[in-house]
Amino acid sequence: MVKILGEDDIRRSLMRISHEILEKNKGAEDLVIIGIITRGWYLAKRIARNISMIEGVELPVGALD
């Protein structure tokens, strides 16, 4: 099996995505992160956690089935 991204690469990519979301949204105000069940839910939670660390606010996270 070919390894495309390692653990550190994934962590960096998700952090960059989190920063891009904040840049496009101009901050975390009125921001909700929604993930598609199953794997998208876990990504949404990780991105929301990253944004919470960056901005110091708790974001609502939802799931779409």
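The values are calculated or read from the model by the stated rules, or taken from the named source; none is laboratory data. Quantities reported herein were computed from a predicted structural model and do not represent experimental measurements. Cβ placement follows ideal geometry from the backbone for every residue including glycine, while neighbour counts extend to all protein chains displayed.
Couple of notes before you dig in:
- Unique match (being of a type in the set (Gly, Ala, Ser), out of contact with any helix residue (DSSP H, G or I) (no Cβ under 9 Å at 6 or more places or on another chain) and either surrounded by 11 or more Cβ atoms within 10 Å (Cβ to Cβ) or modelled with pLDDT of 95 or more (or both)) among Gly35, Gly40: Gly40
- Residue match in the range 14-29 (condition: of a type in the set (D, E, K, R) and surrounded by 15 or more Cβ atoms within 10 Å (Cβ to Cβ)): no
- Within the range 43-65, restricting attention to residues that are part of a helix (DSSP H, G or I), among the β-branched types (Val, Ile, Thr) and surrounded by 17 or more Cβ atoms within 10 Å (Cβ to Cβ), the residue that is nearest to the chain's Cα centre (by Cα) is Ile47.
- In the range 26-39, the residues that are closer than 9 Å to Val61 by Cα reach residues that are part of a loop (DSSP other than H, G, I, E, B) with C-beta atoms within less than 6 angstrom, at least six apart or across chains, in these pairs: Val32/Pro60; Ile33/Leu59.
- Of the criteria (1) among the β-branched types (Val, Ile, Thr); (2) modelled with pLDDT of 95 or more; (3) not in a helix (DSSP H, G or I), which one Ile21 fails: (3)
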